[in-house]
1. Do you know which of the residues in the stretch 175-208 that are touching a Gly at 6+ places or on another chain (Cβ under 8 Å) and open to solvent by less than 30 Å² (accessible area, probe 1.4 Å) is farthest from Leu158 (Cα to Cα)?
2. Pick from the stretch 1-22 the residues that are at pLDDT 95 or above and under 27 Å from the mean Cα position of the chain (by Cα): which of them is most open to solvent (accessible area, probe 1.4 Å)?
3. Looking at Val102, is it of a type in the set (Val, Ile, Thr), in contact (Cβ under 8 Å) with a residue 12 or more places away in the chain, surrounded by fewer than 24 Cβ atoms within 10 Å (Cβ to Cβ) and in a loop (DSSP other than H, G, I, E, B)?
4. If you scan the stretch 51-79, which residues turn out to be open to solvent by less than 80 Å² (accessible area, probe 1.4 Å), modelled with pLDDT under 95 and either in contact with a Pro (Cβ under 8 Å, 6 or more places away or on another chain) or closer than 28 Å to Ser421 by Cβ (or both)?
5. Check the stretch 258-269 and report whether any residue there is open to solvent by 20 Å² or more (accessible area, probe 1.4 Å) and either within 23 Å of Leu91 (Cα to Cα) or at pLDDT 95 or above (or both).
6. Can you tell me which residue among Glu201, Glu271 is in contact with a Ser or Thr (Cβ under 7 Å, 6 or more places away or on another chain) and more than 16 Å from Ser183 (Cβ to Cβ)?
7. Failed condition for Asn249, given (1) surrounded by fewer than 24 Cβ atoms within 10 Å (Cβ to Cβ); (2) part of a loop (DSSP other than H, G, I, E, B); (3) free of Cβ contacts under 8 Å to residues at least 40 places away in the same chain, with all others met?
8. Select from the stretch 1-30 the residues that are in a helix (DSSP H, G or I) and either in contact with a strand residue (DSSP E or B) (Cβ under 7 Å, 6 or more places away or on another chain) or without any contact (Cβ under 8 Å) to a residue 12 or more places away in the chain (or both) and list them in ascending order.
Amino acid sequence: MAQWDALVDAALARLDSRSLLRTTRPIALAPPPAQPETFPGPGPWDRAAVEIRLDGATLRQWLAEGGEANGQEEEVGEKLILFSGNDYMGLSSHPAIRDAAVKAAQEYGMGPRGSALICGYTTYHKMVEESLAELKKKEDCLLCPTGFSANMAVMTALGNISSLLAVGRKPTKEERIAIFSDSLNHASIIDGIRLVERQQEVVAFVYKHCDMSHLDSLLSGCSMENKVVITDSLFSMDGDFAPLPELVNLRRKYGFLLVIDDAHGTLVCGENGGGAPELFECENDIDISIGTLSKAAGCHGGFIACSSRWRRLIQSRGRSFIFSTALPVPIVASVHAALCVSRKERWRRSVIWRHVQYFASLTKINITSPIISIIVGSEETALRAGRHMLRSGFHVTPIRPPTVPPNSCRLRITLSASHSSDDIARLVDALTPWLPDKQDVAQRDDMPSKL
């Protein structure tokens with residue numbers, strides 16, 4: 001992508017001329033003592049990732065939500081099976097992740113408390129960035145406090161390119177960046193686009209969900225030279241994949257920058273856990289891969305896998321990165337352990353996808369990922385369904401506006417390597433009143449844009 005490399009280099013030169021380029025200077029910490037211990041199959045700790053308890057007051061409050069309370073106290077078991085989290089690999093309770101966090105805390109406490117550009121960046125952070133860059137097949141990587149802040153940082157850095165190159169004035173419309181966004185992209189992408197659009201640095205175009213014909217039409221009708229397409233790789237509320245092979249073909253046709261948020265695909269998809277690009281064999285065609293460490297990694301944080309030039313620009317102009325305190329060292333140490341465990345315990349990915357197949361076979365619903373949406377319609381129906389699942393012993397949270405559009409309320413179910421086949425069979429039994437006769441959860445083309 002010579003065009004974009006030249007743009008970023010020009011922006012970096014402009015920053016350098018104004019002494020505004022920033023670098024991270026790692027504080028040296030002793031490396032982790034040893035490779036984390038891994039296991040050939042599930043252990044008792046895996047149940048801790050999916051077995052939870054709610055106190056009586058919380059249970060009563062949940063059951064009363066929606067106005068169904070009858071004044072009599074209900075007997076509901078406090079122990080629940082969690083089917084609403086994002087810990088797909090079941091790593092949050094893994095002994096290696098626990099041990100890594102404990103040892104780092106004992107040695108360093110929370111580590112230096114400051115932003116990454118001041119004093120919060122350590123050799124632990126650098127080590128994790130190198131591991132993520134290798135996983136994502138990218139030259140470099142930048143750790144961020146959250147996945148939300150990672151998306152915001154990329155958007156603000158993108159917008160800054162047009163401002164930096166329009167010296168001393170606002171960029172004209174033709175000089176701005178044209179950003180094409182899927183209508184169901186995550187809120188962090190939407191908020192980032194809104195911010196830079198308000199700054200008159202970008203012009204936003206929203207294409208229908210996963211509709212490549214509509215995107216092609218928008219691209220062909222746009223006279224702006226510098227184009228970006230951004231999409232979730234695996235959509236968090238619907239569980240469908242972006243059509244990455246078709247996006248790659250359009251990238252070759254139009255030369256746009258292709259940015260993905262692989263929050264729900266990282267460590268879950270691909271033989272090595274490289275995410276949706278590995279699954280669809282297009283890693284080299286993704287320019288920037290954003291992700292989170294709070295889902296399949298079972299920890300916390302976000303990252304941006306990209307080229308070194310993009311990293312330099314984002315760490316110099318990505319405000320949500322610049323002005324946030326860096327991740328605590330114990331969290332970073334646990335992430336490093338999670339990445340090691342993910343590489344060695346590949347059986348966890350196999351279990352996830354067996355669970356997907358098993359759920360599909362029991363329900364006859366066409367699902368393509370561990371994220372399953374059972375759309376029930378109104379808020380009242382969703383709340384009633386949630387109470388039913390609670391009484392049945394399952395933590396399944398009803399999803400309502402503004403998270404999803406009106407009248408598309410749903411039960412969002414997520415499958416984890418820590419679930420058992422029996423958990424899934426009992427879940428499906430409890431879901432029976434809410435299961436459609438025939439539903440393709442990967443098709444939501446009629447939903448309005450959230451942008």
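The values are calculated or read from the model by the stated rules, or taken from the named source; none is laboratory data. Worth saying up front: this structure is predicted, and the values here are computed from it rather than measured. FYI the Cβ positions are ideal-geometry reconstructions off the backbone, even for glycines, and counts take in every protein chain you see. Keep in mind that these areas ignore ligands, DNA and RNA; they rest on the heavy atoms of the full protein, side chains included. Shrake-Rupley method; radii C 1.70, N 1.55, O 1.52, S 1.80 Å.
1. Among residues in the stretch 175-208 that are touching a Gly at 6+ places or on another chain (Cβ under 8 Å) and open to solvent by less than 30 Å² (accessible area, probe 1.4 Å), the one farthest from Leu158 (Cα to Cα) is Ser188.
2. Only one residue fits best here, namely Arg22.
3. Details: of a type in the set (Val, Ile, Thr): yes; in contact (Cβ under 8 Å) with a residue 12 or more places away in the chain: yes; surrounded by fewer than 24 Cβ atoms within 10 Å (Cβ to Cβ): yes; in a loop (DSSP other than H, G, I, E, B): no.
When the stated conditions are applied, Val102 does not pass them.
4. Residues satisfying the conditions are Ile52, Leu54, Leu59, Trp62, Val76, Gly77.
5. Of all residues in the stretch 258-269, those open to solvent by 20 Å² or more (accessible area, probe 1.4 Å) come to none.
Checked the stretch 258-269: no residue is open to solvent by 20 Å² or more (accessible area, probe 1.4 Å) and either within 23 Å of Leu91 (Cα to Cα) or at pLDDT 95 or above (or both).
6. On the way: Glu271 fails: in contact with a Ser or Thr (Cβ under 7 Å, 6 or more places away or on another chain).
Just one listed residue meets the conditions, Glu201.
7. So the condition that Asn249 fails would be (2).
8. Our first condition is that a residue be in a helix (DSSP H, G or I); within the stretch 1-30, this holds for 2-17.
Across the stretch 1-30, the qualifying residues are Ala2, Trp4, Ala6, Ala13, Asp16, Ser17.
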